[in-house]
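Colleague: Pasting a structure below so you can have a look.
The values are calculated or read from the model by the stated rules, or taken from the named source; none is laboratory data. This one's a predicted model, so the numbers in the text were calculated from it and none came from an experiment. No Cβ is skipped: glycine too gets one built from the backbone with ideal geometry, and neighbour counts run over all protein chains shown. All accessible areas refer to the heavy atoms of the entire protein, side chains included, with ligands and DNA or RNA removed. Shrake-Rupley method; radii C 1.70, N 1.55, O 1.52, S 1.80 Å.
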Amino acid sequence: MSSKIEINIVVNEKKYTLQVPPWMSLLEMLREKLNLTGVKEGCNNGECGACTVIMDGKPVRSCLTLAGEADNSKITTIEGLEDDEITDKIKNAFIEEDAVQCGFCSPGFILAVRALIARTEEPTKEDIDKALDGHLCRCTGYESIFKAVEKVVEKVN
Amino acid sequence: MFKKFDYKNPDSLDEAIDLLQNNEEAEILAGGTDLLLKLREETTSNKLLIDIKGIEQLKGIKETENYIKIGALTTINKIEDSNLIKNHFTALWKAACEFGCLEIRNKATIGGNVVHASPGAESGTPLFAVEARVELIGPEGKKTMPINEFWQDVGTVNFAEGEILSHILIPKNNNRISRYKRISRVHGMDLAVVGVSVVVNNPEKIEEREISIALGAVARTPYRNQEVEKILSGNRIDENSMKKIKVKISENISPRSSSLRASPEYKKEMVGNLIEKCLQEMGILKGEI
């Protein structure tokens, strides 16, 4: 059994070559090897959406992805969107609409919204629903999150 | 953290089959959304995971003379985005739209969904109703078999040693309409309480009509009932025949009572209603019910 495999990966536009155990998840690699703790471990079962990252342009669950599967891919985490104008708009809308309480689910939600805006020019209510229906928030009751997203979609367009 | 396992990602089918044949504890990794969940529950593991995602020939949707051929590694979002599937096999398209959530659809594959053979698997009822075939590739070469011979029991499919599911074959028919409907507990990501696919060949002329129905999450594998299909095929379907069908269906299924999602009584009632809705939507069942 090999105890390490080599991963070549671009995370938040920086190239890395990492040696990781084959049984390490992408979530663990991002948090433990690269210290990107904006990627949250919620259920670790694919159900909550807190660990969402964008892999080659598509949001995926990093808890249900092995580090090995992410070899030669491009990953964006919430930390990689620090200087992104659209993400700023999303964050501000979340603040204005009180769409954040404990904040644990927010990186997953914000990445999902960012990916939605990247792939759909004028997302409809249904598009927003579909983009977010795999994300759980136990504080807000969702209303404020959906309001924030609708607001930001209007602004971006 | 997972228990320890080894990981290889061959980029050819031959290499993958070779690894599978020569490692007793090997498992094929496709999208991983089912397999990794399962591995997380295991207390010991010394497996070899063979990640086949690099094998390009197992991806994509093509038309051949007789089939729509879906590569086993085709992700569910690709099926959702396919106009060919949407127009020619609406039931499968709809099942793809209802599958998990966006992040899951981006990774999960149709092959993985079939191989894990879960009773409520989204792809199960459309594929059973349309009488799809599976193509398997192994050390002895290629072979195909009907989906209901392959999908044998909960979590059990009919692989010979060293075989990999390579394609799903949907028989082509330009005069076919189909629907998929399901019930789930919450609006959002959830597994189906029950799912129903209805496939209608030659819908226009009543006497030429062939209707097949498959039910999900009511038995150990997707379930069809020939008696009910006979009542529906080639006959005018009205309020009375619909009533008969509902009774017949509920008499013939016995969903397990230990389901987390719904009671057997509820499931029995709902499948009939879903069949009715599918038929209404396709214009097969007209008038007020």
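Colleague: Would you mention how many residues in the range B:88-118 are part of a loop (DSSP other than H, G, I, E, B) and closer than 18 Å to B:MET189 by Cβ? Full working, then the answer.
Modeller: Of all residues in the range B:88-118, those part of a loop (DSSP other than H, G, I, E, B) come to B:89, B:99-101, B:106-108, B:117-118.
Those still in the list that are closer than 18 Å to B:MET189 by Cβ too: B:99-101, B:106-108, B:118.
Count: 7.
Colleague: In the range B:229-236, is there at least one residue being over 22 Å from B:PHE89 (Cα atoms), outside any helix (DSSP H, G or I), open to solvent by 60 Å² or more (accessible area, probe 1.4 Å) and at pLDDT below 95?
Modeller: Among the residues of the range B:229-236, at least one is over 22 Å from B:PHE89 (Cα atoms), outside any helix (DSSP H, G or I), open to solvent by 60 Å² or more (accessible area, probe 1.4 Å) and at pLDDT below 95, which makes the answer yes.
Colleague: When you scan the range B:1-13, how many residues do you find that are in contact with a helix residue (DSSP H, G or I) (Cβ under 9 Å, 6 or more places away or on another chain) and within 11 Å of chain A (Cβ to nearest Cβ)?
Modeller: 7
Colleague: Report, by residue number, each residue of the range B:33-50 that is in a helix (DSSP H, G or I) and facing chain A (nearest Cβ under 8 Å).
Modeller: B:LEU36, B:LEU37, B:ARG40
Colleague: In addition: Is there any pair with a first residue in the range B:148-167 that is on the phi < 0 side of the Ramachandran plot and a second that is among the polar types (S, T, N, Q) and surrounded by fewer than 13 Cβ atoms within 10 Å (Cβ to Cβ) whose Cβ atoms are under 9 Å apart and which are 6 or more apart or on different chains, and what are they?
Modeller: Qualifying pairs under 9 Å: B:SER166/B:GLN57.
Colleague: Of B:THR90, B:THR109, which residue is at negative phi and open to solvent by 20 Å² or more (accessible area, probe 1.4 Å)?
Modeller: B:THR90 is the lone residue from the list that is at negative phi and open to solvent by 20 Å² or more (accessible area, probe 1.4 Å).
Colleague: Quick one: which of A:LYS40, A:LYS58 is within 20 Å of A:ARG114 (Cα to Cα) and either at the interface with another protein chain (Cβ under 9 Å from one of its Cβ atoms) or buried (at least 24 other Cβ atoms within 10 Å of the Cβ) (or both)?
Modeller: Details: A:LYS40 fails: either at the interface with another protein chain (Cβ under 9 Å from one of its Cβ atoms) or buried (at least 24 other Cβ atoms within 10 Å of the Cβ) (or both).
It is A:LYS58.
Colleague: Residue check: is A:LYS151 among the basic types (Lys, Arg) and either more than 11 Å from chain B (Cβ to nearest Cβ) or in contact with a Ser or Thr (Cβ under 7 Å, 6 or more places away or on another chain) (or both)? Steps first, answer last, please.
Modeller: Values: among the basic types (Lys, Arg): yes; either more than 11 Å from chain B (Cβ to nearest Cβ) or in contact with a Ser or Thr (Cβ under 7 Å, 6 or more places away or on another chain) (or both): yes.
Answer is yes for this residue.
Colleague: Also: Considering the range B:1-13 alone, what residues qualify as being assigned to a loop (DSSP other than H, G, I, E, B), open to solvent by less than 50 Å² (accessible area, probe 1.4 Å) and over 21 Å from A:SER3 (Cα atoms)? Lay out the reasoning, then the answer.
Modeller: Quick first cut of the range B:1-13, residues assigned to a loop (DSSP other than H, G, I, E, B) only: B:1-5, B:9-12.
Filter once more, keeping what is open to solvent by less than 50 Å² (accessible area, probe 1.4 Å): B:2, B:5, B:10, B:12.
Within the range B:1-13, B:SER12 is the sole residue that qualifies.
Colleague: Also, I was wondering about something else. Collect the residues in the range A:109-147 that are open to solvent by 60 Å² or more (accessible area, probe 1.4 Å), touching a residue at least 40 places away in the same chain (Cβ under 8 Å) and not hydrophobic (A, V, I, L, M, F, W, C), keeping them in residue-number order.
Modeller: A:ARG119, A:LYS147 - these are the residues of the range A:109-147 that are open to solvent by 60 Å² or more (accessible area, probe 1.4 Å), touching a residue at least 40 places away in the same chain (Cβ under 8 Å) and not hydrophobic (A, V, I, L, M, F, W, C).
Colleague: Also: So in the range A:8-37, with the set limited to residues that are among the charged types (D, E, K, R) and within 13 Å of another protein chain (Cβ to nearest Cβ), which one is surrounded by the fewest Cβ atoms within 10 Å (Cβ to Cβ)?
Modeller: Step one: of the range A:8-37, the residues among the charged types (D, E, K, R) are A:13-15, A:28, A:31-33.
Then drop every residue that is not within 13 Å of another protein chain (Cβ to nearest Cβ), which leaves A:28, A:31-32.
Working: A:GLU28: 22, A:ARG31: 19, A:GLU32: 13.
Only one residue fits best here, namely A:GLU32.
Colleague: Quickly run through the range A:45-55 and pick out the residues that are open to solvent by 10 Å² or more (accessible area, probe 1.4 Å) and either more than 9 Å from every other protein chain (Cβ to nearest Cβ) or modelled with pLDDT of 95 or more (or both).
Modeller: A:CYS48, A:ILE54, A:MET55
Colleague: Identify, from the list B:LYS69, B:LYS59, the residue that is at pLDDT 95 or above, over 29 Å from A:ILE110 (Cα atoms) and in contact with a Lys or Arg (Cβ under 6 Å, 6 or more places away or on another chain). Can you show your working first?
Modeller: On the way: B:LYS59 fails: in contact with a Lys or Arg (Cβ under 6 Å, 6 or more places away or on another chain).
So the residue among B:LYS69, B:LYS59 that is at pLDDT 95 or above, over 29 Å from A:ILE110 (Cα atoms) and in contact with a Lys or Arg (Cβ under 6 Å, 6 or more places away or on another chain) is B:LYS69.
Colleague: Next question. Could you list all residues from the range A:61-100 that are farther than 30 Å from B:LYS3 by Cα, open to solvent by less than 40 Å² (accessible area, probe 1.4 Å) and of a type in the set (D, E, K, R)?
Modeller: The one that is farther than 30 Å from B:LYS3 by Cα, open to solvent by less than 40 Å² (accessible area, probe 1.4 Å) and of a type in the set (D, E, K, R): A:ASP84.
Colleague: Could you say which residue among B:ALA30, B:ALA16 is closer than 18 Å to B:PHE159 by Cα, open to solvent by less than 30 Å² (accessible area, probe 1.4 Å) and more than 14 Å from every other protein chain (Cβ to nearest Cβ)?
Modeller: On the way: B:ALA30 fails: more than 14 Å from every other protein chain (Cβ to nearest Cβ).
Step by step, each of B:ALA30, B:ALA16 is checked, and only B:ALA16 is closer than 18 Å to B:PHE159 by Cα, open to solvent by less than 30 Å² (accessible area, probe 1.4 Å) and more than 14 Å from every other protein chain (Cβ to nearest Cβ).
Colleague: Let me spell it out: the conditions are (1) open to solvent by 10 Å² or more (accessible area, probe 1.4 Å); (2) within 11 Å of chain B (Cβ to nearest Cβ); (3) in contact with a strand residue (DSSP E or B) (Cβ under 8 Å, 6 or more places away or on another chain), and A:SER3 meets all of them except one. Which number is the exception?
Modeller: (3)
Colleague: If we scan the range B:162-172, do we find a residue that is polar (S, T, N, Q) and more than 30 Å from A:ASP133 (Cα to Cα)?
Modeller: So far as the range B:162-172 goes, yes, one or more of its residues are polar (S, T, N, Q) and more than 30 Å from A:ASP133 (Cα to Cα).
Colleague: Please determine whether any residue of the range A:13-25 is modelled with pLDDT of 95 or more and under 13 Å from the mean Cα position of the chain (by Cα).
Modeller: No: the range A:13-25 contains no residue that is modelled with pLDDT of 95 or more and under 13 Å from the mean Cα position of the chain (by Cα).
Colleague: Okay, next question. Within the range B:94-117, how many residues turn out to be more than 10 Å from every other protein chain (Cβ to nearest Cβ) and free of Cβ contacts under 8 Å to residues at least 40 places away in the same chain? Explain how you work it out, then say what you get.
Modeller: To start, the set of residues in the range B:94-117 that are more than 10 Å from every other protein chain (Cβ to nearest Cβ) comprises B:94-96, B:98-99, B:109-117.
Going one step further and asking which of them are free of Cβ contacts under 8 Å to residues at least 40 places away in the same chain, we end up with B:96, B:99.
Of the residues in the range B:94-117, 2 are more than 10 Å from every other protein chain (Cβ to nearest Cβ) and free of Cβ contacts under 8 Å to residues at least 40 places away in the same chain.
Colleague: Do we have any residue at all in the range B:203-216 that's open to solvent by 20 Å² or more (accessible area, probe 1.4 Å) and within 26 Å of B:SER118 (Cβ to Cβ)?
Modeller: Checked against the condition, which is being open to solvent by 20 Å² or more (accessible area, probe 1.4 Å) and within 26 Å of B:SER118 (Cβ to Cβ), the range B:203-216 yields no hits at all.
Colleague: So, in the range B:55-87, of the ones that are part of a strand (DSSP E or B) and open to solvent by less than 90 Å² (accessible area, probe 1.4 Å), which residue ends up nearest to the other protein chains (Cβ to nearest Cβ)? Give the derivation first.
Modeller: Taking the range B:55-87 as the starting set, the residues that turn out to be part of a strand (DSSP E or B) are B:61-63, B:67-71, B:75.
Restricting the remaining residues to those that are open to solvent by less than 90 Å² (accessible area, probe 1.4 Å) gives B:61, B:67-71, B:75.
Working: B:ILE61: 18, B:TYR67: 28, B:ILE68: 24, B:LYS69: 24, B:ILE70: 19, B:GLY71: 18, B:THR75: 9 Å.
Result: B:THR75.
Colleague: Here are some residues: B:PHE150, B:PHE128. Which one is among the aromatic types (Phe, Trp, Tyr), under 20 Å from B:ARG220 (Cβ atoms) and open to solvent by 10 Å² or more (accessible area, probe 1.4 Å)? Give the steps one after another, and end with the answer.
Modeller: Working: B:PHE150 fails: open to solvent by 10 Å² or more (accessible area, probe 1.4 Å).
Going through B:PHE150, B:PHE128 in turn, just one is among the aromatic types (Phe, Trp, Tyr), under 20 Å from B:ARG220 (Cβ atoms) and open to solvent by 10 Å² or more (accessible area, probe 1.4 Å): B:PHE128.
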